[in-house]
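This report refers to the structure that appears directly beneath it.
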Amino acid sequence: MKAILAYINHAWACGVPCAGRKFAVLSFAIGIAVPFAAAQQNHKTWADYGGGPDSSHFIALDQINKSNVSQLQVAWTYPTGDNHSYLFNPIVVDNVMYVLARNNSLVALDAGTGKEIWIHANLPGLTTRGISYWESPDRKDRRLIFAINNYLEEIDARSGKSILTFGNHGLVDLKEGLGRDPRTINRIQSDSPGRVFEELIILGSSTGEAYLSPPGDLRAYDIITGKMVWIFHTIPHPGEFGYDTWPKDAWKYSGGTNTWGEITLDEKRGIAYFPTGSPTYDYYGADRIGTNLFANCLLALDARTGKRLWHFQMVHHDLWDYDSTAAPQLLTVHHEGKLVDVVAESSKQGFLYVFDRVTGEPLWPIEERPVPKSEMPGEQAWPTQPFPTAPPAFARQKITPDDVNTYILTREERASWKDRIASMRNEGLFTPPGLTETISLPGARGGSNWGSGAADPAKGLLYLNTQDWPTIYKLSLEDPLSGRSRAGSPEGSVYQQRCEACHGKNGVRAGAGPPPLAGIGQRLSLESFRLTVHSGRGEMPAFADLNETAVRTLFEYLNRLKGPGPMGGELGMQTVDPPPAGTVVASGGAPGGLKIPPSTGVRYSPIEGPAYPPGSLTPSVRYYTDWGLYPDQPYIIGPPWSSVVAYDLNSGTIKWKVPLGQDAEAAAEGAHDTGAFMAEHHGMIVTSTGLIFIAASDGKIRALDEDTGRTLWTATLPAGSEGIPAMYEVKGRQYLVVSASSKINTGGGHGGRAETAGTVRPDLPKGYVAFALPVH
């Protein structure tokens with residue numbers, strides 16, 4: 001039986017050509033699974049990222065319900081002390097909350113009042129989305145676990161001080177053990193925290209997306225000693241399953257295939273579920289011919305040993321940056337007369353894949369369908385891709401000239417976009433990139449992303465936050481990150497090629513999204529700037545090839561631009577600001593953990609790039625793209641630009657779908673139910689009383705009715721919100737806490753007005769805002 005299941009897994013993952021053929025459901029496979037209760041954790045606490053190891057964001061507290069949610073009011077606030085966008089998901093243990101704040105400080109707060117307990121200051125490079133917590137059975141040993149600057153570190157949860165008996169004087173070097181020279185690895189830590197299982201911390205990674213990036217191997221470390229306990233090679237080594245889905249010795253030079261998103265645990269079964277990303281280079285795969293296991297997979301591993309249990313590959317030989325990032329959701333559903341424990345994975349493509357949690361058997365057939373061929377020299381796009389027959393897609397998956405937006409764009413712009421789209425190669429989700437423009441929807445930044453999923457596990461209901469953002473691809477022999485001047489000053493050209501698409505023209509991005517860079521020296525030191533440029537930060541890739549002169553030149557160029565004034569740590573880097581006012585118990589983490597070696601000067605251009613291993617089956621040239629994402633581009637298509645979608649997985653249907661937020665500029669032109677753009681990083685909370693709490697980039701947090709999607713409560717925040725809120729109970733009072741520190745997107749692709757009158761609560765400080773019912 002194991003052999004049969006292994007063959008089936010391999011056939012599914014490798015994309016055996018079978019156009020239009022449905023995979024048969026094996027009757028014996030369902031019988032293997034013995035359903036457990038869906039609620040494997042008590043769901044009454046928020047002591048782990050996303051609420052708990054099952055990643056459901058579900059809370060079983062009943063004080064706040066549909067009848068009284070409209071009475072929620074601000075209970076306390078904690079200012080972060082700067083204008084940095086905090087995507088951090090707070091965790092709460094007993095009555096203590098842990099948050100990230102000014103000067104990269106990890107702060108312990110009284111969860112009932114927001115008052116500071118202790119501050120561990122000066123932790124630049126710490127994971128931005130959250131941290132992990134572990135305690136011994138007798139509770140005498142309690143630890144906060146996090147990655148920082150490619151190291152793994154721990155802090156005592158009660159004292160706030162570093163635990164120096166962990167690893168090597170408090171440090172575990174995450175660059176080691178990957179089969180590459182650690183000196184060539186510029187970035188490896190993920191900004192998503194790992195998952196704690198027994199005495200293990202299980203980690204993914206963020207490898208970067210350049211040619212010859214490091215591999216995204218999955219690893220588990222002993223929480224007490226820091227010793228690596230197991231490793232799973234996501235690019236298989238010789239003799240390992242899946243090795244034949246790559247060229248010979250690809251593991252020596254290929255990279256990516258990493259879990260930079262979120263890991264989910266079935267604690268009772270000891271199964272860890274990993275969504276994996278695309279292999280590198282993302283858009284041209286002539287050096288990795290094959291289906292490329294275990295890229296773009298939902299991968300189930302034994303959490304104790306790292307042994308593969310099953311997998312399913314959702315994209316074969318990815319050429320579109322269709323990473324799987326959202327947390328797999330664990331639910332129990334009624335299916336064909338049985339209770340079945342399932343795991344569901346949402347994708348950037350707008351598909352939802354649902355599997356038996358133990359066997360990997362799809363609940364509904366998944367068809368391999370033919371897709372377009374590549375026209376690129378040396379490329380071999382895989383001839384088929386998997387399409388779920390159910391549930392239905394949750395996002396728009398095609399675009400035509402008729403879909404061009406009738407709001408915000410001028411008449412001339414609409415006509416230009418119609419002509420441009422009509423001229424593109426546009427054959428659906430899997431149109432391979434080429435030397436002329438191709439387009440994809442919902443796009444590489446669309447669909448479902450990290451933090452975007454939640455569930456009511458016992459009811460079989462799953463919820464997604466999704467956005468549509470068209471991506472335009474065009475390959476070229478010119479590396480847009482090479483630094484070669486195209487126009488203007490050399491330093492200005494570097495900014496144009498590497499930064500402008502995300503940070504806006506002249507270093508000032510209007511509306512939501514990445515922060516401005518103009519006037520950078522008012523807020524950051526050169527050393528802090530260099531650290532992030534070379535190592536990357538959050539969604540920002542590492543630019544390790546820029547030498548010290550280039551970094552200084554770019555820094556000086558940005559500093560000459562007219563900036564917005566002192567704003568704190570805009571990139572999450574070390575700032576000149578002091579830590580929050582309070583009891584600073586420690587600073588800087590474990591000794592040596594903040595020392596980042598200078599760039600090795602490694603480049604990824606066709607001429608200067610490092611050589612492939614001798615004898616490898618690799619092309620003589622490399623092609624590149626600039627990622628195809630531009631500030632105005634989301635508004636090519638009409639609304640809604642973002643939505644919340646509810647699935648009933650008992651029937652495999654969409655229960656409801658509602659826009660998330662409102663675009664003010666489009667609304668001023670008469671648009672309704674637009675959804676607010678830049679909604680990809682807004683997580684939600686689901687309660688046992690039938691409520692869904694979610695923030696949007698329009699500066700508001702909402703409570704939706706789980707049954708209908710109708711808005712039952714709205715509150716205006718002091719700033720925009722990103723990341724996942726948290727919910728917990730202290731001394732009999734239930735709280736909702738949300739990070740409100742980001743810029744607000746008031747709408748429009750033409751420099752949407754940031755934080756105009758009426759869009760924020762000026763009486764509240766930017767930071768963490770806690771809501772609760774009035775005390776009677």
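The values are calculated or read from the model by the stated rules, or taken from the named source; none is laboratory data. Nothing here was measured: the structure is a model prediction, and the numbers come from that model. Heads up, the Cβs are rebuilt from the backbone with ideal geometry, glycines too, and the neighbour counts pull from every protein chain shown. Keep in mind that these areas ignore ligands, DNA and RNA; they rest on the heavy atoms of the full protein, side chains included. Shrake-Rupley method; radii C 1.70, N 1.55, O 1.52, S 1.80 Å.
I'd like to know if segment 654-666 contains one or more residues that are at pLDDT 90 or above, of a type in the set (A, V, I, L, M) and open to solvent by 40 Å² or more (accessible area, probe 1.4 Å). Yes, because at least one residue in segment 654-666 is at pLDDT 90 or above, of a type in the set (A, V, I, L, M) and open to solvent by 40 Å² or more (accessible area, probe 1.4 Å).
Of the residues that make up segment 328-346, is at least one open to solvent by less than 10 Å² (accessible area, probe 1.4 Å) and either free of Cβ contacts under 8 Å to residues at least 60 places away in the same chain or more than 21 Å from ASP54 (Cα to Cα) (or both)?
Taking segment 328-346 first, the residues open to solvent by less than 10 Å² (accessible area, probe 1.4 Å) are 328-331, 333, 340-346.
Those left that are additionally either free of Cβ contacts under 8 Å to residues at least 60 places away in the same chain or more than 21 Å from ASP54 (Cα to Cα) (or both): none.
Checked segment 328-346: no residue is open to solvent by less than 10 Å² (accessible area, probe 1.4 Å) and either free of Cβ contacts under 8 Å to residues at least 60 places away in the same chain or more than 21 Å from ASP54 (Cα to Cα) (or both).
For segment 265-302, a residue qualifies if it is within 25 Å of PRO247 (Cβ to Cβ) and aromatic (Phe, Trp, Tyr), and the qualifying residues are PHE274, TYR281, TYR283, TYR284, PHE294. Scanning segment 393-406 for residues that are touching a residue at least 60 places away in the same chain (Cβ under 8 Å), in a loop (DSSP other than H, G, I, E, B) and open to solvent by less than 60 Å² (accessible area, probe 1.4 Å) yields PHE394, ALA395, ILE399, ASN405.
For first residues located in segment 355-381 and open to solvent by less than 40 Å² (accessible area, probe 1.4 Å), partners that are basic (Lys, Arg) and at pLDDT below 95 and lie 6+ apart or on another chain with Cβ distances below 6 Å form the pairs PRO365/LYS22; GLU367/LYS22.
ALA444 versus (1) small (Gly, Ala, Ser); (2) open to solvent by less than 40 Å² (accessible area, probe 1.4 Å); (3) part of a helix (DSSP H, G or I): which is the lone unmet condition? Condition not satisfied by ALA444: (3).
The listed residues are LEU299, LEU309, and the only one of them that is surrounded by fewer than 24 Cβ atoms within 10 Å (Cβ to Cβ) and not in a loop (DSSP other than H, G, I, E, B) turns out to be LEU309.
Listed conditions (1) hydrophobic (A, V, I, L, M, F, W, C); (2) crowded, with 22+ Cβ neighbours inside 10 Å; (3) in contact with an Asp or Glu (Cβ under 9 Å, 6 or more places away or on another chain); (4) under 19 Å from ASP181 (Cα atoms) are all met by ILE231, apart from (2). Name the residue, out of ASN122, ASN104, ASN150, that is farther than 30 Å from GLY255 by Cα, in contact (Cβ under 8 Å) with a residue 12 or more places away in the chain and touching a strand residue (DSSP E or B) at 6+ places or on another chain (Cβ under 8 Å). None of the others qualify; the one that does is ASN122.
Do you know which residues across segment 174-188 are surrounded by fewer than 16 Cβ atoms within 10 Å (Cβ to Cβ) and in contact with a strand residue (DSSP E or B) (Cβ under 9 Å, 6 or more places away or on another chain)?
Listed by number, the residues that qualify are GLU176, GLY177, GLY179, PRO182.
Condition check: at pLDDT below 95 and in contact with a helix residue (DSSP H, G or I) (Cβ under 7 Å, 6 or more places away or on another chain). Does GLY81 satisfy that? Yes: the conditions hold for GLY81.
Condition check for THR674 on (1) buried (at least 20 other Cβ atoms within 10 Å of the Cβ); (2) part of a strand (DSSP E or B): one failure, at (2).
Close Cβ contacts (under 8 Å, 6 or more residues apart or on different chains) running from residues in segment 638-655 that are among the basic types (Lys, Arg) to residues that are part of a strand (DSSP E or B) comprise LYS655/LEU461; LYS655/ALA646; LYS655/TYR647; LYS655/ASP648. The set of residues in segment 247-270 that are assigned to a loop (DSSP other than H, G, I, E, B), at negative phi and either in contact with a strand residue (DSSP E or B) (Cβ under 8 Å, 6 or more places away or on another chain) or open to solvent by less than 20 Å² (accessible area, probe 1.4 Å) (or both) comprises PRO247, TYR253, SER254, ASN258, THR259, GLY261, GLU262, ILE263, GLU267.
Tell me which residues, restricted to segment 692-711, are more than 24 Å from the chain's Cα centre (by Cα) and open to solvent by less than 10 Å² (accessible area, probe 1.4 Å). Listed by number, the residues that qualify are GLU706, GLY709. Taking the criterion of being modelled with pLDDT under 50 and either open to solvent by 70 Å² or more (accessible area, probe 1.4 Å) or more than 21 Å from LEU462 (Cβ to Cβ) (or both), the residues of segment 26-71 that qualify are LEU26, SER27, PHE28, ALA29, GLY31, ILE32, VAL34, PHE36.
Considering only residues that are among the hydrophobic types (A, V, I, L, M, F, W, C) and not in a strand (DSSP E or B), look in segment 373-389 and name the one that is farthest from the chain's Cα centre (by Cα). In this case the residue turns out to be MET376. Right, ILE637: modelled with pLDDT of 65 or more, among the aliphatic types (A, V, I, L, M) and open to solvent by less than 40 Å² (accessible area, probe 1.4 Å) or not? In short, yes.
If you filter segment 407-440 down to residues that are among the small types (Gly, Ala, Ser) and in a loop (DSSP other than H, G, I, E, B), you find that the one that is surrounded by the most Cβ atoms within 10 Å (Cβ to Cβ) is GLY434. Residues in segment 279-303 that are in contact with a Gly (Cβ under 6 Å, 6 or more places away or on another chain) and either farther than 17 Å from THR207 by Cα or of a type outside the set (A, V, I, L, M, F, W, C) (or both): PRO279, THR280, ALA286, THR291, ALA303.
Identify the residue in segment 72-118 that is open to solvent by 20 Å² or more (accessible area, probe 1.4 Å), of a type in the set (A, V, I, L, M) and not in a loop (DSSP other than H, G, I, E, B) and, among all such residues, is farthest from LYS700 (Cα to Cα). The selected residue is ILE117. Any residue that is over 22 Å from SER440 (Cα atoms), of a type outside the set (Phe, Trp, Tyr) and assigned to a loop (DSSP other than H, G, I, E, B) - is there at least one of those in segment 319-331? For segment 319-331, residues over 22 Å from SER440 (Cα atoms), of a type outside the set (Phe, Trp, Tyr) and assigned to a loop (DSSP other than H, G, I, E, B): present.
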